[in-house]
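To keep things clear, I will list the structure first and then write my remarks on it.
Nothing in this text is a laboratory measurement; each read-out follows from the coordinates by a stated rule. Note that this is a predicted model, so its numbers are computed, not measured. Reconstructed Cβ throughout: ideal geometry from the backbone, glycine too, with neighbour counts over all protein chains shown.
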Amino acid sequence: MSELKKYNMYIGGEWVPSSDHQYFESFNPATGQPWCQIAQGTKEDVEKAVKTAHDAFFSDKWADMTYTERGHLLRKLADLLTEHVNELAEFETLDNGKLIREMKGQLHYMPEFLYYYAGLADKIQGETLPVDKKNMFVFSEREPLGVVAAITPWNSPLYLTFIKLAPALVAGNTIVIKPSEHTSASILEFVKLVEKAGFPAGVVNVITGFGKDVGDPLTSHPLVSRIAFTGGEKTARNIVKNSSNNFAQLSLELGGKSPNIVFDDANLYNAAMGAIAGIFGATGQSCVAGSRVFIHEIAYEEFMDILLTRVNKIKIGDPMSAESEIGPVATYQQLQNIERYVDLGKKEGAKLLTGGKRPIHMKNGWYFEPTVFEHSNHSSCIMKEEIFGPVLSVMTFKEETDVINLANSTDYGLAAGIWTNDIAKAHRISKRVRAGIVWVNTYRAISPIAPIGGSKLSGYGREGGLESVHDYTQKKTVWINT
Ligand code: NAD
């Protein structure tokens, strides 16, 4: 067998192996085979990366750079990203199995995120404060926090890095990125562009490896001032504990069990297509996956007919092929997890309408059929817990108040969809649904201007929008006795 491509880490502008020269394999979910090797970082490597980022934070090259200059650098990076989107999309598909056309679609939009934040660089302003003291001139200014630790999961490695990196850098911070152990390659390929754009060495660093080896020492490091985390609940709890070491400011973007609510006055075809995209896009591995659909009982039969006809035609296949409509899930462990949930759903009395197993024609790789369960009540685990796979739960409702209660009967509070032609109803429901994002007659739309984030077990803090630049700064108040 030919030797696998080896990736080192990026620290202080240099490509370095781990302190003990160990590597681990990264797998292609479409084949179930390893395709590259990634440096397996250690506590010593974290120490080096954080120290380097800390030194870079205070270096003349970065600390004395004007906000406008930082904006220019980020714009240059966005231009380079535009040139390299297709190859970066291929690395993401190789690593996490998402469809190449889905990855290209997502990444082609990503330069907009960098341009948006580049445009905000010179709008990070303070204010004068009219204090009740004579002869005092008092003002506040926003200054960067220091070293940011950005920790990302495997489902959208680059997107979830950009919405941390762009606001952090324009505000003047430095960053240590720790990508998921399942999807490190696209980030390592991307930082080559950071280097090319001319960011000073040490401003952006990437450390690779496992949670216990590098995640823990990174999030508890005394020189880390801000942790931007996207991932699962269990890891988030650990990070919150670790941050008691450094009191780093936190944002936690976690999971969801998002509802799509379909009223009988909605365009049922659009609602069904929206529900399908909401759950089967990214093979269900999306934090905002619309994994529960509530349909008004009057519309149920017609809606389900449209939905199931389309779901039964979804083409499962190689994610690199333009023909495929759903690819594999990202890890073998995730595949087993989905199977466990499907068995549980059946045991708990949910009715399996379609799917529910690995497709027989895709023996290699980690594929699972698009699956739909019908429920007569909201009590089963698969209605409550995040599966993070292509499994949809559907249920009818009668009254508006009932569906609001159903939608909110979850420990999560990330996203919700509402399908109706009644604008007043859309407003009413959107106000009462406990979710950080509500989409009406659409699902999964994103923009750099629109914040994303949740409440309850979906975490706290927002990413995207002007607010998120402010989250990478702190206010300094200056008193001048005139
Ligand atoms: P995960 O929590 O297992 O891993 C996320 C990252 O945390 C990885 O880089 C991992 O190596 C790291 N990590 C693991 N242990 C750590 C530790 N002790 N200290 C610090 N870092 C550690 O999550 P995952 O399985 O990669 O991703 C799936 C989860 O992410 C799902 O729950 C999903 O809903 C969530 N997610 C949320 C959003 C959002 O924006 N809200 C987006 C995508 C994914």
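Summary table
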| quantity | calculated |
| --- | --- |
| Cβ-based net charge around residue 409, under 12 Å, with every Lys or Arg adding one and every Asp or Glu removing one | +3 |
| Extreme residue, positive dipole direction of the range 259-440, given options 322, 387, 276 (C-beta unit charges) | 387 |
| Cα centroid of the range 389-411 to Cα centroid of the range 12-83, whole Å | 42 |
| Reachable lysines from residue 347, criterion Cα separation under 25 angstrom, eight or more residues apart if same chain | 257, 357, 384 |
| Amide proton proximity set for residue 439, modelled H, under 5 Å, gap of 5+ | 416, 417, 418 |
| Per-selection Rg to Rh, the range 166-271 - Cα, Kirkwood hydrodynamic radius | 1.12 |
| Antiparallel bridges, percent of DSSP beta bridges restricted to the range 174-275 (to nearest 5) | 0 |
| Estimated vicinal HN-Hα couplings, Hz - the range 403-413 in sequence order (Karplus 6.51, -1.76, 1.60; Gly, Pro = x) | 6, 5, 5, 4, 4, 8, 7, 8, 6, 9, x |
| Nearest 10 degrees, 0 to 90: helix 332-347 Cα axis against the chain principal axis | 40 |
| Cα gyration tensor of the range 182-338 - equivalent ellipsoid semi-axes, whole Å, descending | 39, 21, 15 |
| On Cα atoms only, tilt of 268-280 relative to the major axis of the chain in degrees | 60 |
| Net charge, residue 326 excluded, C-beta distance under 13 Å - Lys, Arg +1, Asp, Glu -1 | +1 |
| Cα long-axis angle, helix 185-197 against the chain (0 to 90 degrees, to the nearest 10) | 40 |
| Cβ charges +1 (Lys, Arg) and -1 (Asp, Glu), total dipole of the range 137-284, debye | 320 |
| Per-residue [θ]222 nm for the chain (sum of -39500 (n - 2.57) over DSSP H runs n ≥ 4, rounded to 500) | -12000 deg cm²/dmol |
| Of 212/476; 104/346; 164/234, those spanning more than 26 Å from alpha-carbon to alpha-carbon | 212/476; 104/346 |
| Charge-dipole axis of the range 259-440 as Lys and Arg at +1 and Asp and Glu at -1 on Cβ define it, positive-most pick from 294, 367, 418 | 367 |
| About the Cα centre, charge dipole magnitude for the range 158-240 (Lys/Arg +1, Asp/Glu -1 at Cβ), debye | 140 |
| Hits among aspartates and glutamates - C-alpha to C-alpha of residue 192 under 12 Å, sequence gap 8 or more where chains match | 14 |
| Over the chain: Rg over Rh, Cα atoms, Kirkwood Rh | 1.00 |
| Within the chain: Cβ-based charge dipole about Cα centre, in debye rounded to nearest 20 (Lys, Arg +1; Asp, Glu -1) | 680 |
| Fraction of the pair-distance distribution of the range 259-440 above 31 Å, Cα-Cα pairs, percent | 12 |
